[in-house]
Each structure stands twice: as structure tokens, then as C-alpha cells.
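Below: the structure, in C-alpha cells.
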Amino acid sequence: MALRHKLLATAAIPLIALMGLSPVQAAPIPQSVIAAPQSTDVVQVQSEEELLQQQKEQRRQQRQQEKQQKQQEKQQKQQEKQQKQQERKQRQQEQDQQQGEQRQQEKQQRQRQKQEEQQRQNDNAESQKEQRRQERKRQQEEQQGQQQEENRKDRKRNTAEGQDNRVIEDQGQDKPRKRNNQAEDNAGQTDQVEKPRKRNNGSVEEIETQPRADKKAEADEKRGEPKRLPVKNGAAVLDSEKDADKGDENARERRRRERQDAEPVRAPRSDREAQAGFKDQDGKPIRVRPVMEEKGERITGFQGYDLGEGRRVNDRDNRVIIKLNDRVIVRDDDRDRLGRRGDTRYERLNNNRIREIIVRPDGTRIVTVRNRYGEIIKRTRIERPGREVVIFYSPILDAGRADRLYLRDPGARLPPMRLTIPVEDYIIDVSREPNRNYVEFLEEPPVEPVERVYSVDEVKYSARIRDKVRRIDLDTITFDTGSWDISMNQAASLKRVGAAIKQILDQDPGETFLIEGHTDAVGSDESNLVLSDHRAESVAEVLSDMFEIPAENLVTQGYGERYLKINTEEAARENRRVTIRRITPLVRPVAQAE
């Protein structure tokens, strides 16, 4: 009821006002009652705004915290990702390293197996060579025995015929006379010396002076004098002796004494035995690193090598004439001949070395490394991946401790040559022995030990070093005066020699053969040098074109009139010739063939 009365009283106020009643008449309303609710509402509104602001601030801070939390989570994920990448990269590196070590071990194992296999093959080849030499020696001994038996029978027959003739003469004259047995025996011995004998190929060789020369040499040795070296056609057989003959009497006498004092050496039985004791600068077996191992810088417009201070032949020829003390030499880098069948590019290596790369149509690469003077440090043939054949290699030039080796003769410090084998086992004249086994002859080792691996230029310009290996005189190829042209008939005479070289290269593609050109004594030294060098190059080109002998296995050099075969100043065709030697054991370690 109280609430009802209160509501009625409150509603009556506006009614009183509408009815025109005065405020005095109305019930008084305390002002405090009305003001109190108004003040309360304002406070409440302000509190709500603050609350909203607080809520907004809280949400803003919350969003900021969430954002920071997300950034931290993102950074943590990135760190985890980087860590995983590093771990994965490290695992990959470890795997690559393990695989590399495994491949290296496999490669070394293959190389060891290859070396062992090559060693077995070389041992078998050397044993076969030794068997062939023993068989050939036995056959020669049998033939010599047969020849001696025939000579003895001929001597008996001649003696019997002489007796019959004397008996007939005595009977016809009726004046018997006593035969002088001693005189007849001497006559029989003279007939034995002067009688022609047959060689293995059936040809006849006059031996009028050789037995006497051998007996004289034996007598000289018994008296303590040095053995005399063989002489043919008035000229020494050995090129080093021909050089010595050009000196004065004191020099020749000194060489005779040196030869007398020198200890005799036995001819090696194999290339390996000839190179016994070969070591590198550190005393280890010589090994050649892969020729493409070092990275090079491509050269465009290569201008050539410094061939030395000399006179260039002409602008179109790379040959240079150089005077060295008492001799004149011709130098050529053979680039034109080698580059005929392929594209050539040049690369610069450190220490002023140049790498020549000739790419053949079949993909084979012929790589030659030279120093600035054109001297060959190494030459290899890369036939396919993993197949690199070393043709020749000079450890001295590769070490960079010397250069221009052609300026000094390495044979000058060696004692004079003492040839301990028969001349016919040292030199072959093709015209006299067309049916000789050239393969076995060229496979024969040097006639004396080899001190070290020589460079190609050292072999070219040292007669004493070249004399260590045997030679074939291609006297079936003679040239017209002033010419280096080879006719087809003469080129055909190279068939057996070319086939022999090809057969040897099929067995060992790293063999090297020196082609020497010679002239007669007519003309100047310089013109003869250039002419003989062209002749050697012509024969090399015929061997390559007609018999498929790789040009990189042939080395050419002209010697002019310095080494005459017949000692005459006249225009002798026999002196216009070419000679071939197998110089592999001089310019390449035997170990590289394994």
C-alpha cells in the first residue's frame, strides 16, 4: 500500500501542473531526491567509458603479445630450419667425403691391379724377348758352326785339288817335287780370310779386312792397348767417334786413353735392366702426373716459342739455325707436322709453360707440355677417359731446375763408347738385309746402361747418347741433290720397316722413334742442315700417311753432312740417307709403360 501511495503521489505532480495549480499547492519534492539519481548516472557513464578503454587497451596488449609470440615462434622455426639444413649439409658432406674416399680407394686399387697386370705382361714380354734372343743366338751359333764346317770342307777340298794338280804337273814334267806343307797351310788360311761368306738372307758379303781387324784388335788388347772401334768405308761406325775424328790429334789421343781406362760394361738384356736405378729427385720411382691435372689459361693467337738466338730460315718456316761451339744445329718444334690431322689449341700454365692440345677427328687428344724455349717436358696421348699413354717425359725439365738442355752435351762427361756387340747386331743396312726381322731388332735394349731419363732435345743433339741405341740405315731411300722428295718406289721399300714400327706400337703405344736426316758433303753447312731436316720430316710423313704411324711417336732431326757414312767430299748418294732409332728407353721411364 505504501508503494501504491508513493506511485500515485508521483503521478499526481504532472497532473497538478496541467491543471494550473501552483507549485505551492503541490506537495513539495526534495531537490536532493531528484539530483541524486542524475549524479549517479554520470558516474556510471564515466565508469563504462573507462572500462571500454581498459578493455581496448587489454585487447591491444593481448594482440601485441600474440604478435610477439608469433614472431618468436617464426624465428624459432627459422632457427630450427637452418639447423636442419646445416645438419643435412653436414651429412651430405660426410657422405660425399666417404664416397670420394671410396672412389679414391677403388681407383688406387684399379691402378694397382693395372700395374700388376702390366707388370705380368712386361715380364712375359721380356721373357719372350729373352727366349727369342736365345733362340736367335742359338741359330746364329749353329749357322756359324755350319759355316765353319763348310769352310773346313772347302779348305780340305781345295787342298786335295791342289795336291792333284801338283801331282798332274809333276807327272807331266816327270819332275816330282816335295810339297811345302807349311806354305800350303798358310795359303789355306789366306783363302779362309779372303773367301766370301753367306749371310742368313743368302746375300754375299765381302770380309776381306774384318777378320784381320778383329785379330789386330785382340792383339792390341793383349798388349794393353784399347780396342779399336769398327770402321766402314773409311768412316767410323759410331756417330760419337765421327765427332771425335773432327778434333785434333790430342783430343783423339785423349779419347783412346779414356777408352783404355774405362771399365768394360755388359750390354743390358732389357730396357728395364738398362734403366736400373732410375729415381726422381727425391729418390723415389719416377711417376708422371696426369697432363690435364693443372688448370690452364686459354691463349689466342699463339706466336710460338723462343727457339734460341739464331738465324731463322725464312718467314714461312719455324726452323732456326744456331751455332754451338764447334757445331751448327737446326731446331724445329714439329708443330706443323703434328697438327696436320687435328685442331690445335694452346693453354698457359705456371712457370712460363705452354700446353699444346691437338684434338684428332676420333676424339683422341695429343697433349704436349713445353717450356718457353720449346723443349718438351712431357707428351701423352689421351685415348679415352682413364686411358693416358705417356710417350716421353723429362723429370729435369718438369722440376724447373734447368732449361735449354740442348746447349750442353750430356755425353761429354761419359767415357768413350766401347761397342761390345757385333756391328751387324748394331746397324742394319736395309738394302743388304731386306728380310731381316726388324721387329726383334728394334725391340733390342740399349747397348749400354742409361744414366737417367734424357730430354728429347738432349738425345737429338748428343751423338754419344744416341749411340746407346741401335739404328737402321734406310739406304734404300736416297735423295737427289738438293731434294727431299721421296718417289713411290722408294716409299714402298719402307714397307717392312713401317710394318715393324706399327707392330711395336700396337704392343706399346708409347714407343718413340727418332728419324735422322743426312746429306753429302757438297754445299754449305747451313743449307745441308735445313735440307737434311726436311728429308727426315718427309720420311716421317710417309710413315704416317702410308703405314698409319702416329706422328706424335716420331721425332725428326737433320744433321747435314756431320755424320758421313762414306768418308768422301764428293757427291755420294749413299750419304744422302735417313736413319731410324728406337729411343724409348732414353726418353721415358720404363715404369710409365706399366
Which one is nearest to the chain's Cα centre (by Cα), of the residues in the range 237-270 that are modelled with pLDDT of 75 or more, open to solvent by less than 30 Å² (accessible area, probe 1.4 Å) and of a type outside the set (A, V, I, L, M, F, W, C)?
SER270
Qualifying positions in the range 427-460 - open to solvent by 20 Å² or more (accessible area, probe 1.4 Å) and among the hydroxyl-bearing types (Ser, Thr, Tyr)
SER431
For the range 389-420, how many residues are over 18 Å from the mean Cα position of the chain (by Cα) and farther than 13 Å from ILE376 by Cα?
15
Determine whether GLN79 is open to solvent by 100 Å² or more (accessible area, probe 1.4 Å), out of contact with any Lys or Arg (no Cβ under 7 Å at 6 or more places or on another chain) and within 30 Å of ARG287 (Cβ to Cβ).
no
Please state which one of SER487, SER462, SER455 is out of contact with any Ser or Thr (no Cβ under 8 Å at 6 or more places or on another chain) and under 26 Å from ASP243 (Cα atoms).
SER462
Pick out, from the range 294-411, the strands (runs of 3 or more DSSP E) lying fully within it that include 3 or more residues that are open to solvent by less than 60 Å² (accessible area, probe 1.4 Å) and at pLDDT below 85.
317-324
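For every residue, the table says whether it meets (1) assigned to a helix (DSSP H, G or I); (2) more than 20 Å from VAL590 (Cβ to Cβ); (3) of a type in the set (Asp, Glu); (4) open to solvent by 20 Å² or more (accessible area, probe 1.4 Å).
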position: ILE465; (1), (2), (3), (4): yes, no, no, no
position: PHE479; (1), (2), (3), (4): no, yes, no, no
position: TRP484; (1), (2), (3), (4): no, yes, no, yes
position: ALA491; (1), (2), (3), (4): yes, yes, no, no
position: VAL497; (1), (2), (3), (4): yes, yes, no, no
position: ILE504; (1), (2), (3), (4): yes, no, no, no
position: VAL522; (1), (2), (3), (4): no, yes, no, yes
position: GLU526; (1), (2), (3), (4): yes, yes, yes, yes
Inter-residue pairs, beta-carbon under 7 Å, first open to solvent by less than 30 Å² (accessible area, probe 1.4 Å) and in a loop (DSSP other than H, G, I, E, B) and in the range 536-553, second modelled with pLDDT of 95 or more and among the β-branched types (Val, Ile, Thr), 6+ apart
ILE549/ILE501
Kindly indicate whether GLU48 is in a helix (DSSP H, G or I), open to solvent by 80 Å² or more (accessible area, probe 1.4 Å), charged (D, E, K, R) and at pLDDT below 80.
yes
Determine which single condition LEU494 fails, assuming it passes every other condition in (1) touching a Phe, Trp or Tyr at 6+ places or on another chain (Cβ under 8 Å); (2) at pLDDT 90 or above.
(2)
Given the structure, is LYS502 among the basic types (Lys, Arg), within 19 Å of LEU338 (Cα to Cα) and out of contact with any strand residue (DSSP E or B) (no Cβ under 8 Å at 6 or more places or on another chain)?
yes
Meets criteria (touching a residue at least 12 places away in the same chain (Cβ under 8 Å) and within 18 Å of the chain's Cα centre (by Cα)) for ILE354
yes
Expected output for the range 558-576 (first residue acidic (Asp, Glu), partner crowded, with 21+ Cβ neighbours inside 10 Å, Cβ below 7 Å, 6+ apart or cross-chain) is GLU561/THR519; GLU561/ASP520; GLU561/ASN528; GLU574/LYS565
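The values are calculated or read from the model by the stated rules, or taken from the named source; none is laboratory data. Quantities reported herein were computed from a predicted structural model and do not represent experimental measurements. Here Cβ is always computed from backbone atoms with ideal geometry, including for glycine, and neighbour counts include all displayed protein chains. For accessibility, only protein heavy atoms count, side chains too; no ligands or nucleic acids. Shrake-Rupley method; radii C 1.70, N 1.55, O 1.52, S 1.80 Å.
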